Amino acid sequence: MPILRWKKAERDALKSLSDDQKKNIVPLFEMVPKRITDPKNKDNKLPMPPKQNLGNCIAFIHKELTDMKVLLDVTHVYPKKAEAFDEMSIPTTLFGNNLVPVLNLNDIRAENFSTNVKTFFRNQGICLRVKYKEIDDSFWNSVDNELTGLGLTRQDVDFVMDYGIASVNQKDEMHKIVSDTDKTTGWRSYFFASGAFPKDLQKITPGKKEELARIDWTNWTDLLNQNPELRLPGFSDYTIQYAEYHEPPEKAFPSYSIRYTAPNKWIIMRGQGSNAQNSAGDKQYYAHSVLLVMESDFAGASCCESDKDIIALSQNPDGKMGTPQSWIRAGIRHHIVVTLKGVESVLSSGN
């Protein structure tokens, strides 16, 4: 379960995967605020109305992701989610799509859902995404009754326990949960989610390479290796993005950097930003590519299209360098493919 923001790079990364890869993925998209051009002043940007934003999401899912189950979280855009669920229920009823709404703890305790929305929940099921810090004994004692109030049981629910920013200390807590079968049984699916990628690359010196541990991944693999006899959670992460969403500054100068996922770590090739004095600009991508293909952890052309593009660029200094957005897309696509292969390897080893 990759957790992705509803942005072009993330959408395109998912869309470009093969059909076989898509079959083993359940993406959870977080809608984010959008801005549109002011019709009265083309130099000014206005917030996109939530209804228009959501309509664009649903249209894309209908057209481009019809072969996937897609979980959609509207928390960052809709102050009142009931309005969003009403909007989501209409096209779902008409077209029978694979869109599943994401609810949090406060949502399932709300009583202001319309009959149409409750029918939508029963038809599609829901994803219950709960922050780990919100879960205590009272949650486990009441969650089934609260689902019943919506006409649902655990069999209608994809349960996501979101640990947020990953740390090595989370393994003990994860072990406690999976050891209690009353907590893990009955769900349509259940996942442990966390993210270990840093908020930004500011701590890495431009022109330098750094390796960062994939703590979120090793926490999950250790959990499976230690508990092969139990029903274990699926793996969910934030790919090569920070686990906590923050609105980016309006006038940002992203660096020309590559984020590359290896089985147990990330390799970061940090470049200068476009506003840096004497910056080499996008030519830095060529230099990064030359160094990256020499790494022992470089997966090679057989991995995915992202790796083929890196090889091609490393052999052509006059080629098309790409943009920060296109490299985020390539990095996310590569990350998902590497993670899928890792999951398959862990499961085939006996878990």
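The values are calculated or read from the model by the stated rules, or taken from the named source; none is laboratory data. Just so you know, these numbers come straight off a predicted model, no measurement behind them. Cβ sites come from the backbone with ideal geometry, for glycine too, and all protein chains shown count toward neighbours. To get the accessible areas, we keep the full protein, side chains included, count just its heavy atoms, and leave off ligands, DNA and RNA. Shrake-Rupley method; radii C 1.70, N 1.55, O 1.52, S 1.80 Å.
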(request) Among SER348, LEU128, ILE90, pick out the residue whose Cα is farthest towards the positive end of the charge dipole of the chain, where Lys and Arg carry +1 and Asp and Glu carry -1 on C-beta, about the Cα centre. (result) ILE90
(request) May I ask for the distance between the Cα centers of region 166-205 and region 270-327, given as a whole number of Å? (result) 31 Å
(request) Mind telling me which of ASP237, ASP297, ASP318 comes out most flexible in a GNM of the chain, alpha-carbon contacts under 10 Å? (result) ASP318
(request) Name the long-range amide H neighbours of GLY207: under 5 Å, sequence gap of 5 or more, or other chain; modelled H, no Pro or chain starts. (result) ARG270, GLY271, GLN272
(message) Could you put LYS176, LYS209, LYS40 in order of accessible surface area, largest first, with the 1.4 Å probe and the full protein assembly present?
(response) LYS40, LYS176, LYS209
(request) Using θ = phi - 60° and the Karplus relation 6.51 cos²θ - 1.76 cosθ + 1.60, list the HN-Hα couplings for region 204-210 in order, rounded to whole Hz, with x at every Gly or Pro. (result) 9, 5, x, x, 10, 9, 9
(message) If each residue of separation counts as 0.36 nm, what is the full-extension length gain between LYS51 and SER345 once their alpha-carbon separation is subtracted?
(response) 101.6 nm
(request) Compute the acute angle (0 to 90°) between the alpha-carbon long axis of helix 137-148 and the principal axis of greatest extent of the alpha-carbon atoms of the chain; round to the nearest 10°. (result) 70 degrees
(message) Which one, SER167, SER194, SER306, has the greatest fluctuation when you compute a Gaussian network model over the chain with C-alpha springs under 10 angstrom?
(response) SER167
(message) Modelling each spin label as a point 7 Å along the Cα-to-Cβ direction, I'd like the LYS133/VAL290 distance in nm, to one decimal.
(response) 4.6 nm
(request) Would you please give the residues with an amide H less than 5 Å from that of ASP162, counting only those at least 5 places away or on a separate chain, with H modeled from the backbone geometry? (result) VAL130, LYS131, TYR132, ALA193
(message) What do you get for the angle between helix 50-64 and the principal long axis of the chain? Use alpha-carbon atoms, 0 to 90 degrees, nearest ten.
(response) 80 degrees
(message) For a 26 Å ceiling on Cα separation, which of these pairs sit above it: LYS133/LYS208; LYS118/LYS176; LYS80/LYS133?
(response) LYS133/LYS208; LYS118/LYS176
(message) Beyond a 23 Å Cα-Cα separation, which of these cross-linked pairs lie in this structure: LYS8/LYS171; LYS69/LYS308; LYS8/LYS40; LYS7/LYS199; LYS199/LYS265; LYS209/LYS265?
(response) LYS8/LYS171; LYS69/LYS308; LYS8/LYS40
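Placing +1 at every Lys and Arg Cβ and -1 at every Asp and Glu Cβ, with all other atoms neutral, what dipole size does region 218-304 have around its Cα centre, in debye to the nearest 20?
Using only the charged Cβ atoms, the result is roughly 240 debye.
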(request) Positive end of the charge dipole of region 159-242 (Lys, Arg +1 and Asp, Glu -1 on Cβ, about the Cα centre): tell me which of TRP220, LEU230, PHE197 has its Cα farthest that way. (result) PHE197
(request) Return the long-range amide H neighbours of VAL32 (sequence gap of 5 or more, or a different chain), with a cut-off of under 5 Å between placed amide H atoms. (result) TRP6
(message) Suppose accessible area is computed on protein heavy atoms with a 1.4 Å probe; arrange GLU83, GLU229, GLU173 from highest to lowest.
(response) GLU229, GLU83, GLU173
(request) Between ARG109 and ASN225, with labels modelled 7 Å along Cα→Cβ, what's the label distance in nm to one decimal, could you check? (result) 3.9 nm
(request) State to the nearest 20 debye the size of the charge dipole of the chain about its Cα centre, where the only charges are +1 on K and R beta carbons and -1 on D and E beta carbons. (result) 1000 debye
(request) Provide the per-residue ³J(HN,Hα) series for region 278-291, in order, calculated from phi with Karplus coefficients 6.51, -1.76, 1.60 and θ = phi - 60°, each as a whole number of Hz, with x at glycine and proline positions. (result) 6, 5, 7, x, 6, 4, 4, 5, 5, 4, 4, 5, 4, 6
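Whenever you get a sec, line up ILE328, ILE240 from highest to lowest accessible area (probe 1.4 Å, protein heavy atoms).
Heavy-atom accessible area, descending, gives ILE328, ILE240.
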(request) Indicate, rounded to the nearest 5 percent, the antiparallel portion of the DSSP beta bridges found entirely in the chain. (result) 35 percent
(request) Could you tell me the accessible area of SER114 in Å² (1.4 Å probe, neighbours in place), rounded to the nearest ten? (result) 40 Å²
(request) Only helical DSSP H runs with n ≥ 4 go in: add -39500 (n - 2.57) per run for the chain, normalise by residue count and round the 222 nm mean residue ellipticity to 500 deg cm²/dmol. (result) -12000 deg cm²/dmol
(message) With angles folded into 0 to 90 degrees, how steeply does helix 324-348 sit against the dominant principal axis of the chain? Use alpha carbons for both and round to 10.
(response) 60 degrees
(message) Let me check against my output: what whole-number percent is the relative contact order of region 221-351, with C-alpha pairs under 8 Å and at least 6 apart?
(response) 28 percent
(message) I'd like the accessible area for HIS76, computed on protein heavy atoms only with a 1.4 Å probe and all protein chains in place. Round to 10 Å², please.
(response) 80 Å²
